[in-house]
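*Asks:* Structure provided below as structure tokens; questions to follow.
The values are calculated or read from the model by the stated rules, or taken from the named source; none is laboratory data. Worth saying up front: this structure is predicted, and the values here are computed from it rather than measured. Positions of Cβ are generated from backbone atoms using ideal geometry, with glycine treated the same way; all protein chains shown enter the neighbour counts.
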Amino acid sequence: MEAQSPFTTLIEISNYQSTTGKKNLPGDFALWIFIFAEMLVFGVLFVAYAFTRAYHVELFNESQLTLSRTSGAINTLVLITSSYFVVNGVSAIKQGLSKQCGYWLIGAFLLGGIFIIIKILEFHAKYAADISMSTNAFYMFYLSLTFFHFMHVLMGMIILAFIIFKVLNDGYSAKDYVGVETGASFWHMVDFLWIILFPLVYIIR
Amino acid sequence: MKQINSQSNISATVIWLILVALTLATWRIGEAGMVGKSAMLLLLFIAMIKSQMVANYFMALRHTRLIWRGIMFGYFVIVGGLIALAYLRSLA
Amino acid sequence: MKYTSQAVAKPYFIAAIALFLGQILFGLIMGLQYVVGDFLFPAIPFNVARMVHTNLLIVWLLFGFMGASYYLIPEESETELFSPKLAITTFWVFLAAGAITVLGYLLVPYASLAKWTGNDLLNTMGREFLEQPLPTKVGIVLVALSWLFNITMTMLKGRKTAISLILTLGMLGLAVFFLFSFYNPVNLVKDKFYWWWVVHLWVEGVWELILGAMLAFVLIKVTGVDREVIEKWLYVIITMTLVTGIIGTGHHYYWIGTPAYWQWWGSIFSALEPIPFFMMTVFAFNMVNKRRREHPNKAAVLWALGTSVVAFLGAGVWGFLHTLAPINYYAHGTQLTAAHGHLAFYGAYALVVITMISYAMPILRGRAANPERAQIMEMWSFWLMTVSMFFIALLLTGAGVVQIWLQRISTTPMSFMAVQDSISIFYWAREAAGVVFLIGLLLYIGSFFVKGESRAIE
Amino acid sequence: MSATFTKSMARNVFYGGGVFFFLLFLALTFDTMKVLPKRDNSQNITPAVAHGKKLWETNNCIGCHTLLGEGAYFAPELGNVYVRRGPDFIKAWIKGQPTGVPGRRQMPQFNLSDMDIDDLIAFLKYASEINTNKWPPNIEG
């Protein structure tokens, strides 16, 4: 009766109790399903970008030069650093240090804010130059990818804000920190995707 | 317990520094205007390595079950591979 | 039946099945008009038959949803319905409005109907699926609000479960997005753009919440699997529905004057739309495999599993077939769309309503399950309807592929009507499958009248 | 630590994800509305076109035909009929219905005045000039 389906397997894997010291996914599995779905969407968009470019190499190369590589690089550093802060925040809460955790996460949140500001300046420059998703194939992908990612940063910041609020009110502890790990996983995904997006859209030619 | 955590903080710091260095390298290569097959492959490889480092160390998937690391590594192979393929086609 | 007020579901279910029968009869008329063009002309021209066919579908599904929620919400909330009287009044109002509207379609020329019902005040008529006269549209809004009010009030005074929350949210979305049917600008592109906010965001958005909630409810009842497990997977599945389905609306924005970037957004997100349906299939089978009890209503289990499979095939697979922009460029507006529409509506929505009816109706009639013979008849009707609907989908797919080839790809494209003549064999076979479907439906109706030993409610 | 998969988190992801993608949809809608004037031929909407659209609707043409690929699939696509057949043919066709050929699909006689038909044709002309990303693939629709 107990037929094995991919679904049961998935549940069992997610409930896997370690005997060999292997751990489970950090945070709540419900969010991980979402994370994998988002990675899939971005993956398809990345590949679609690359293949569309293969048909319009000159157009892509030319348009790519109008992007600010420096602001893209700064944003990469900003996100990497904020991800690093989040890692420290998680390890702080694992030791029951709510305050420290809160501070690290506030730092990460503020860096997210810097990313947003830089990104808005970038969008504004393109808007002022009358460039939109309908301008050409390159800008379609550039704006779609970065705007879609931009929204993820905003969402990540909202999640971080919730966690900061809760952790500063001693809502988490050394025993109960799944919520922090869950939010952290989302934030790292935002970082993960930007790390691929930046060289792909801004640099590689 | 404390020991392990400070250990992981140190390794996270090292990873962070490597990621920063690789980002700066990517930026330099872009500013230098390097193009062509090897530059493309190098940049793509750096990006993929960086993303794997985030997955393994920041997301802490390194000690999880094979399947989760497998999904991330599969992403590396499939997405990275297809992108490389598309670029190589355009160079050919 | 745990709460006496659940009994209000009964007339809703009966009306749903009766209107379903009407829908199928008009479907058969249209199917014949496809090959015998002047059949019933000018008494019932094709456009009138189609309007009746599609509008009856919407109305009977709404009856089914309402009946289901009047049955389900008291049980979930563990309290009597807020106002059974309101529910019954709403029923008669909706039935009367529906009947008058259909009679209007059949007896009055559409242009006169428009003139008499105030279409000059606010142009809303004459758009696919939204052909209803203004008073009917207003009536639908009022009925939906009364339904929503009654259900929400019931939920507020009792237990709030994930299932009832999701169902109510689905109904709220249904009511809200229907409001876009009142917006009909002269600008054809805008008209079409927001028309999809009703049509797509209904069937590939909020209706799926209702579908998921109904299916989850029946699964809890017939399998005895822990509510926690079922409800958390329900959340995951409908999350995926909204993640893929909302931007998936873009697959309707390829060729109607909207910007070209929708081809990317629409293709990518709608290509992922099969995922939640696949999850739903695996979910349903898993829960049935893990069942903790043998529910005497075997037929209901079959309908539930059937829903998950046919919804995946009809909405997921057949949708995917023509959702990518480069393929849709050739497939758009052909019989392929009709194939997808038929199997998807049958699998996702007709079947889930029948699932609910099949589960609840015996209980409403004072027994846990129908007698053995009645259930066997139900199962026969399931297979007859499902297999014949498959044939309808396959035949229309065949017709669509040939149509695309002759009319759009061939270097010497043929005209629309010439192509239609050359694919008439598909239409004849489709009509035959339609007759089998009708037999299946009649068998289903017949199963309600089979007498015999039946188990009492535990 | 055993894996966590809670209903409350699944619920949060549902609300978060739903709102997120709806907002994204609104953003894309906003952009679409901004771009439309360049594509939708709205500069050519005259009172005749508006009246033509109303006639199109109140005679339920969509119940048999498709318009830009949407509608019933029983009768020819009319989004490009203005280009395919031209105004004179359309006018004669509408006036000549039904053909009464036994066994053929029949179009009703809608008893439209000459002016009505002209408005309907104006609407079809307007529709044929919408930028549809080169759909349909050929003149046959």
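*Asks:* If I filter segment A:35-88 down to residues being hydroxyl-bearing (Ser, Thr, Tyr) and within 26 Å of B:Thr13 (Cα to Cα), which single residue comes out as farthest from the chain's Cα centre (by Cα)?
*Replies:* Only one residue tops the list, namely A:Thr70.
*Asks:* Take D:Ala72 and decide whether it is facing chain C (nearest Cβ under 7 Å), surrounded by 20 or more Cβ atoms within 10 Å (Cβ to Cβ) and more than 21 Å from the chain's Cα centre (by Cα).
*Replies:* The answer is no for D:Ala72.
*Asks:* For segment D:110-133, give me the residue count where each residue is facing another protein chain (nearest Cβ under 8 Å) and outside any helix (DSSP H, G or I).
*Replies:* Counting residues in segment D:110-133 that are facing another protein chain (nearest Cβ under 8 Å) and outside any helix (DSSP H, G or I) gives 5.
Yes or no, residue by residue, for (1) away from chain B (no Cβ under 14 Å); (2) among the hydrophobic types (A, V, I, L, M, F, W, C); (3) touching a Pro at 6+ places or on another chain (Cβ under 6 Å):
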| position | (1), (2), (3) |
| --- | --- |
| A:Phe148 | yes, yes, no |
| A:Leu154 | yes, yes, no |
| A:Ile158 | yes, yes, no |
| A:Ala161 | yes, yes, no |
| A:Glu181 | no, no, yes |
| A:Ala184 | no, yes, no |
| A:Trp187 | no, yes, no |
| A:Trp194 | no, yes, no |
| A:Pro199 | no, no, no |
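*Asks:* Quickly run through segment A:21-73 and pick out the residues that are more than 23 Å from A:Ala129 (Cβ to Cβ) and in a loop (DSSP other than H, G, I, E, B).
*Replies:* A:Gly21, A:Lys22, A:Asn24, A:Leu25, A:Pro26, A:Gly27 - these are the residues of segment A:21-73 that are more than 23 Å from A:Ala129 (Cβ to Cβ) and in a loop (DSSP other than H, G, I, E, B).
*Asks:* For D:Ser42, work out the one condition from (1) facing chain C (nearest Cβ under 7 Å); (2) hydroxyl-bearing (Ser, Thr, Tyr); (3) touching a helix residue (DSSP H, G or I) at 6+ places or on another chain (Cβ under 7 Å) it doesn't fulfil.
*Replies:* Going through the list (1) facing chain C (nearest Cβ under 7 Å); (2) hydroxyl-bearing (Ser, Thr, Tyr); (3) touching a helix residue (DSSP H, G or I) at 6+ places or on another chain (Cβ under 7 Å), D:Ser42 breaks only (3).
*Asks:* Return only the number of the condition from (1) more than 17 Å from the chain's Cα centre (by Cα); (2) within 14 Å of chain D (Cβ to nearest Cβ) that C:Ala339 does not satisfy.
*Replies:* Failing condition for C:Ala339: (1).
*Asks:* Of the conditions (1) at pLDDT 95 or above; (2) in a loop (DSSP other than H, G, I, E, B); (3) buried (at least 22 other Cβ atoms within 10 Å of the Cβ), D:Gly141 clears all except one; give me its number.
*Replies:* (1)
*Asks:* Can you pull out every residue in segment A:50-101 that is in contact with a Lys or Arg (Cβ under 9 Å, 6 or more places away or on another chain), small (Gly, Ala, Ser) and surrounded by fewer than 21 Cβ atoms within 10 Å (Cβ to Cβ)?
*Replies:* Once the filter is applied, which keeps residues that are in contact with a Lys or Arg (Cβ under 9 Å, 6 or more places away or on another chain), small (Gly, Ala, Ser) and surrounded by fewer than 21 Cβ atoms within 10 Å (Cβ to Cβ), segment A:50-101 yields A:Ala54, A:Ser71, A:Gly96.
*Asks:* Next question, about the same structure. Do you know which residues across segment C:417-458 are in a helix (DSSP H, G or I), more than 18 Å from C:Ala339 (Cα to Cα) and of a type in the set (A, V, I, L, M, F, W, C)?
*Replies:* Result: C:Met417, C:Ala418, C:Ile439, C:Leu441, C:Leu442, C:Leu443, C:Ile445.
*Asks:* Then there is this: Does segment A:154-176 contain any residue that is hydroxyl-bearing (Ser, Thr, Tyr), more than 21 Å from A:Ile35 (Cα to Cα) and surrounded by fewer than 17 Cβ atoms within 10 Å (Cβ to Cβ)?
*Replies:* There is at least one residue in segment A:154-176 that is hydroxyl-bearing (Ser, Thr, Tyr), more than 21 Å from A:Ile35 (Cα to Cα) and surrounded by fewer than 17 Cβ atoms within 10 Å (Cβ to Cβ).
*Asks:* Can I ask one more? Could you give me the residue pairs with C-beta distances under 6 Å whose first residue belongs to segment D:3-16 and is more than 14 Å from C:Ile166 (Cα to Cα), whose second residue is surrounded by fewer than 20 Cβ atoms within 10 Å (Cβ to Cβ) wherever it lies, and which are 6+ apart or on separate chains?
*Replies:* Pairs found: D:Ala3/A:Asn15; D:Thr4/A:Val178.
*Asks:* Being surrounded by fewer than 23 Cβ atoms within 10 Å (Cβ to Cβ) and of a type in the set (Val, Ile, Thr) is the filter here, so list the residues in segment D:39-54 that pass it.
*Replies:* Within segment D:39-54, D:Ile45, D:Thr46 meet the criteria.
*Asks:* Condition first: assigned to a helix (DSSP H, G or I) and either hydroxyl-bearing (Ser, Thr, Tyr) or touching a residue at least 40 places away in the same chain (Cβ under 8 Å) (or both). Now tell me which residues in segment A:127-142 satisfy that.
*Replies:* Of everything in segment A:127-142, those that are assigned to a helix (DSSP H, G or I) and either hydroxyl-bearing (Ser, Thr, Tyr) or touching a residue at least 40 places away in the same chain (Cβ under 8 Å) (or both) turn out to be A:Tyr127, A:Ala137, A:Phe138, A:Tyr139, A:Phe141, A:Tyr142.
*Asks:* Within segment D:75-104, how many residues are within 12 Å of chain C (Cβ to nearest Cβ) and either aliphatic (A, V, I, L, M) or touching a residue at least 40 places away in the same chain (Cβ under 8 Å) (or both)?
*Replies:* Going through segment D:75-104 one residue at a time, the tally reaches 9.
Residue by residue, here is whether (1) on the phi < 0 side of the Ramachandran plot; (2) touching a Pro at 6+ places or on another chain (Cβ under 8 Å); (3) among the hydroxyl-bearing types (Ser, Thr, Tyr) holds:
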position: D:Asp31; (1), (2), (3): yes, yes, no
position: D:Asn41; (1), (2), (3): no, no, no
position: D:Trp56; (1), (2), (3): yes, no, no
position: D:Pro76; (1), (2), (3): yes, no, no
position: D:Asn111; (1), (2), (3): no, no, no
position: D:Leu120; (1), (2), (3): yes, no, no
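*Asks:* I'd like the full set of residues that are surrounded by fewer than 20 Cβ atoms within 10 Å (Cβ to Cβ), within 26 Å of A:Gln64 (Cβ to Cβ) and in contact with a Phe, Trp or Tyr (Cβ under 9 Å, 6 or more places away or on another chain), limited to segment B:53-83.
*Replies:* B:Leu82, the sole residue that qualifies.
*Asks:* Regarding segment C:249-260, can at least one residue be identified that is hydrophobic (A, V, I, L, M, F, W, C) and assigned to a helix (DSSP H, G or I)?
*Replies:* Scanning segment C:249-260, I find no residue that is hydrophobic (A, V, I, L, M, F, W, C) and assigned to a helix (DSSP H, G or I), so the answer is no.
*Asks:* Here is a follow-up. Please find, within segment C:89-141, the residue that is farthest from the other protein chains (Cβ to nearest Cβ) out of those that are exposed (fewer than 15 other Cβ atoms within 10 Å of the Cβ) and of a type in the set (Phe, Trp, Tyr).
*Replies:* C:Trp92
*Asks:* State yes or no: is C:Phe269 within 18 Å of C:Leu211 (Cα to Cα) and either in a helix (DSSP H, G or I) or over 17 Å from the mean Cα position of the chain (by Cα) (or both)?
*Replies:* No; evaluated as a whole, the condition is false for this residue.
*Asks:* Could I ask something else about it? Quick one: what pairs do we get from segment B:47-74, first residue more than 8 Å from every other protein chain (Cβ to nearest Cβ) and over 19 Å from A:Val86 (Cβ atoms), second of a type in the set (A, V, I, L, M) and crowded, with 18+ Cβ neighbours inside 10 Å, C-beta under 8 Å, 6+ apart or different chains?
*Replies:* Qualifying pairs under 8 Å: B:Ile49/B:Leu22; B:Arg69/B:Ala55; B:Arg69/B:Leu61.
*Asks:* Look at segment D:30-67 and say how many of its residues are of a type in the set (Val, Ile, Thr) and not in a helix (DSSP H, G or I).
*Replies:* Residues in segment D:30-67 being of a type in the set (Val, Ile, Thr) and not in a helix (DSSP H, G or I): 3 in total.
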